[in-house]
Amino acid sequence: MKIVVPGGTGQVGGVLRRALLERGDEVTVLSRRPERLEDGVRHVVWDGRTLGAWAAELDGADAVVNLAGRTVSCRCTDANLRQMMDSRVESTRAVGAAIARAERPPRVWLQMSTATIYADARSRPDGLPHDEATGVLGGEEPDVPLYREYSVRIARRWEQAQADADTPATRRVALRTAMVMTPDRGGVFDHLSRMARLGLGGPVAGGHQHVSWIHGEDFVRAVLLLLERDDLEGPVILAAPGPVPQGELMRSLRRAWGRRLGLPATRLMAEAGALVLRTDTELLLKSRRVVPARLLEAGFTFAHPRWDEAAADLVRQARELRRARELRRVS
């Protein structure tokens, strides 16, 4: 297939583009800055906002997988929240406009979204996890912090930008994605692993809030399924079927790294640590408990459905990558 990947230079984009390239697809990445990528990947610069010469890449493509958007690993200041909103909504509108004017539009448009669109799982009176059919969208829970309400607003407007696009010939899927765990440096698994190795990976604020996650390999496999299945459109949750409490998630990760100590942290301590790391506590404190009902109904089988096994596999891969870097340094 000929596949265009806006925002394909990030951590998740790297995992996806390498997998597409390996299976023989023709991959074109759109990003704001020219970068050297893997041999065989075409790279085109765009501004993520306005139509330009880049739009021709979508004309005749089989699929577009839009991953563009500012990282959420930052402080939730007014400026950062606005950049998160604008980078997602504007890039989605630009992709939609390019598809709308294409003579041969892509047959499918997979648009990154987030499982953060759902309410804090602890607010559900039935105690059930969210899925596509019964999930409760967030932002209206009592006493929800303003920045958390705004993150849900970002997610809703992100999806609405895709829904509003005039692309009747193109199947559209919103990827409501949980935390994508890969062994690469700089990703969420890398940050959590650093905390675990330093003995800081204990329960935060009691550790009972759930974390939804997906192994990078299963993320890629789910994307491939959604590229092929013409009967699937609309919101689809990309998350492992086994969300875990934050305390349990870090305990399994410490075990995989061979560490016992995991100092607990209060909410106040988490706030202080997030300030030092220039990130935000929402990633730790909101209870994200979602399950991939539509993927399972479609017959998708997870290679890594449970966190214990996934953590062990990711640690193994991370160690192999570290050894490979050390060998390159020596040679």
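The values are calculated or read from the model by the stated rules, or taken from the named source; none is laboratory data. Model, not experiment: these values are computed from the prediction. Glycine also receives a Cβ, built like all others from the backbone with ideal geometry; neighbour counts cover every protein chain displayed.
Couple of notes before you dig in:
- Residues (within 30 Å of K2 (Cα to Cα) and either among the hydroxyl-bearing types (S, T, Y) or assigned to a helix (DSSP H, G or I) (or both)) located in segment 93-116: R93, A94, V95, G96, A97, A98, I99, A100, R101, S113, T114, A115
- Put simply, of E132, E90 the only residue that is in a loop (DSSP other than H, G, I, E, B), at pLDDT 95 or above and among the acidic types (D, E) is E132.
- Complete set of residues in segment 42-63 that are within 19 Å of V223 (Cβ to Cβ) and in contact with a Leu (Cβ under 6 Å, 6 or more places away or on another chain): A63
- Residues of segment 156-178 satisfying the condition of being of a type in the set (A, V, I, L, M) and touching a residue at least 60 places away in the same chain (Cβ under 8 Å): A161, A165, A169, V173, A174, L175, A178
- Helices (runs of 4 or more DSSP H) completely within segment 215-290 that count 3 or more residues being at pLDDT below 95 and either among the hydroxyl-bearing types (S, T, Y) or surrounded by fewer than 16 Cβ atoms within 10 Å (Cβ to Cβ) (or both): 267-277
- Residue within segment 20-40 that is of a type in the set (G, A, S), surrounded by 17 or more Cβ atoms within 10 Å (Cβ to Cβ) and out of contact with any strand residue (DSSP E or B) (no Cβ under 9 Å at 6 or more places or on another chain) present: no
- In segment 314-329, the residues that are under 18 Å from H304 (Cα atoms) reach residues that are among the β-branched types (V, I, T) with C-beta atoms within less than 8 angstrom, at least six apart or across chains, in these pairs: L314/T182.
- Flag for G187 being free of Cβ contacts under 8 Å to residues at least 24 places away in the same chain and of a type outside the set (D, E): no
- Filter result (touching a residue at least 12 places away in the same chain (Cβ under 8 Å), surrounded by fewer than 22 Cβ atoms within 10 Å (Cβ to Cβ) and of a type in the set (K, R)) within segment 78-137: R93, R101, R104, R107, R122, R124
- For segment 291-326, a residue qualifies if it is modelled with pLDDT under 95 and either more than 19 Å from G187 (Cβ to Cβ) or under 19 Å from the mean Cα position of the chain (by Cα) (or both), and exactly one does: E326.
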